[in-house]
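The values are calculated or read from the model by the stated rules, or taken from the named source; none is laboratory data. Computed from a prediction, not measured in an experiment: that's the story for all the values here. Please note: Cβ atoms are built from the backbone with ideal geometry, for glycine as well, and neighbour counts cover all protein chains shown. These area figures cover heavy atoms from the full protein model, side chains too; ligands, DNA and RNA do not enter into them. Shrake-Rupley method; radii C 1.70, N 1.55, O 1.52, S 1.80 Å.
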Amino acid sequence: MEQLLHYVWKHKLFPLHTLATTQGESLEIIDPGLPNPDAGPDFFNAKIKINGVLWVGNVEIHLRASDWLKHHHEQDTTYDSVILHVASDIDTQIQRTNGEPIPQLELHYPPYLLENYQELLATSRYPACYRLIPTLSPLLVHSWMNTLQLERFEQKTAQLLQRLEACNRNWEDAFFLTLARNFGFGTNSEAFELWAKSIPLRAVDKHRDNLFQIEAIFFGQAGLIPEQPGDSYAESLQKEYAYLQHKFGLTPSSHCQWKLLRTRPGNFPYLRIAQLAYLYQQSAGLLSQVLEKSSLDEVRRLFQGDTSPYWITHYSFGEISRPQTKHLSKASIDLLIINTVVPFLYAYGKYRGQASLTTRAGEFLEALKPENNYITRMWKECGLTAAHAGDSQALIQLKKQYCDPKKCLYCRIGYEYFKRQKP
């Protein structure tokens, strides 16, 4: 429960009058300080008064005072800056490395705080705070949703910059890798990312004027060309890939685990790869084109795409289906915009210092319909309804980064629930 004690100290959720150290000295908490997420004392730059004398320094918090000795802080000069040690159980005296005693405060939290905290951690089906959500002010909800959306932007930017480094700082390659992952639409996302990493894009670029050769590399690297071709297209594709494999020294990815069970034909990896091949062949410098588009409709047209003629009558190799043009649906395109285009607009804009791109990323999200998935449906049942894709991204962030890891103490809604006193 040390985390809870940190929370109580940070928000001063304890009586502020008649405080005293364990030595009987009067104590006044002026500023609890700033939380330190790294090694060292728990709170920096706290301000307190002991017997009327102002002290400025750091605060360390433990459940038991003896934890100071257990962690060997008395041998670490980093902790010589501590001006107050806070614990629920003062079971020993502590000191700095030079032997000076450190003032201590025995701090207890009100029983209702512990009860609320345990309730938050114990609830499974919905976040325990769902009972409180309908009573929250619109201003609080709006403010927290904006914060969550910004958090998600920053989190995705960090992920994209890592991917950029893996792609030798080539933004176009990083964009293709991200786009490919999102072409898996959840079910095959991991497989698509592993597949995309196996694609030698500079080799593909040498054949960019030939869609069939791009398909040969794409399908060959995916390991999806049948060993026993069932038609002339698959047979020609097999021969073409064998030629290109020898030419560029290609090695098919052996890690892709394609999932077809309970997958709609329109989401089969065969069709998605055919669509990606067409998009790659038609749109040289895809990220550059995205950055130039100022409206959603322009971006949507860019991703509408198509396939080679074979896939008009096929969803997989060898099995003929009713003729149908295999464009990406508007819903699929919008998901690609939410998960690929918008994060890249924000990340690239921040990286290059172009505020117009980061602003456009937010505007695109607010212009798109909210995502419809199990997370947004769960929040809707609890009373939080997404008005646009920015809201749905915020709710996904809330679920994954706060509810799932049980970080209720750091959530604005959790804070409101946590501090309430039951009648």
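Structural remarks
- Shown is the FRET efficiency for residue 45 and residue 257, computed with R0 = 56 Å from the Cβ-Cβ distance and rounded to the nearest 0.05: 0.65.
- Protein accessible area in the stretch 1-129, 1.4 Å probe - carbon and sulfur %: 52 percent
- Average accessible surface area per residue within the chain, 1.4 Å rolling probe, Å²: 49 Å²
- Cβ-derived FRET efficiency at R0 35 Å, residue 107 paired with residue 137, nearest 0.05: 0.70
- Extension reserve of the residue 172-residue 381 stretch, reckoned as 0.36 nm per residue once the Cα distance is removed: 71.2 nm
- Residue pairs, from the table 326/399; 47/400; 10/350; 330/406; 369/400; 10/399, whose Cα atoms sit over 30 Å apart: 326/399; 47/400; 10/350; 330/406
- The stretch 199-327, relative contact order [Cα under 8 Å, separation at least 6], %: 25 percent
- Of the GluC sites (Glu not before Pro) in the stretch 163-243, the ones in a loop by DSSP (not H, G, I, E or B) with at most 15 other beta carbons within 10 Å are 227.
- Of all accessible heavy-atom area on the stretch 213-327, the percent that carbon and sulfur account for (1.4 Å): 47 percent
- FRET E, pair residue 3, residue 231, Förster distance 56 Å, beta-carbon r, rounded to 0.05: 0.35
- Local electrostatic count at residue 101 - Lys and Arg +1, Asp and Glu -1, tallied over other residues with Cβ under 13 Å: -3
- Fully extending the segment from residue 77 to residue 158, taken as 0.36 nm per residue of separation minus the present Cα-Cα distance, adds 25.8 nm.
- Restriction of the chymotrypsin sites (Phe, Trp or Tyr not before Pro) in the stretch 137-194 to DSSP coil positions whose beta-carbon has at most 13 other beta-carbons within 10 angstrom yields no sites.
- Among 277, 191, 242: highest mean-square fluctuation, GNM of the chain, C-alpha pairs under 10 Å: 242
- Normalised contact order of the chain, rounded percent, pairs of Cα under 8 Å and 6 or more residues apart: 13 percent
- Stretching the chain fully between residue 100 and residue 329 yields a gain of 75.4 nm (0.36 nm per residue, less the alpha carbon separation).
- The Cα center of the stretch 365-423 and the Cα center of the stretch 227-300 differ in position by 36 Å.
- A DSSP coil position with no more than 11 other Cβ atoms inside 10 Å describes the following trypsin sites (Lys or Arg not before Pro) in the stretch 207-302: 262.
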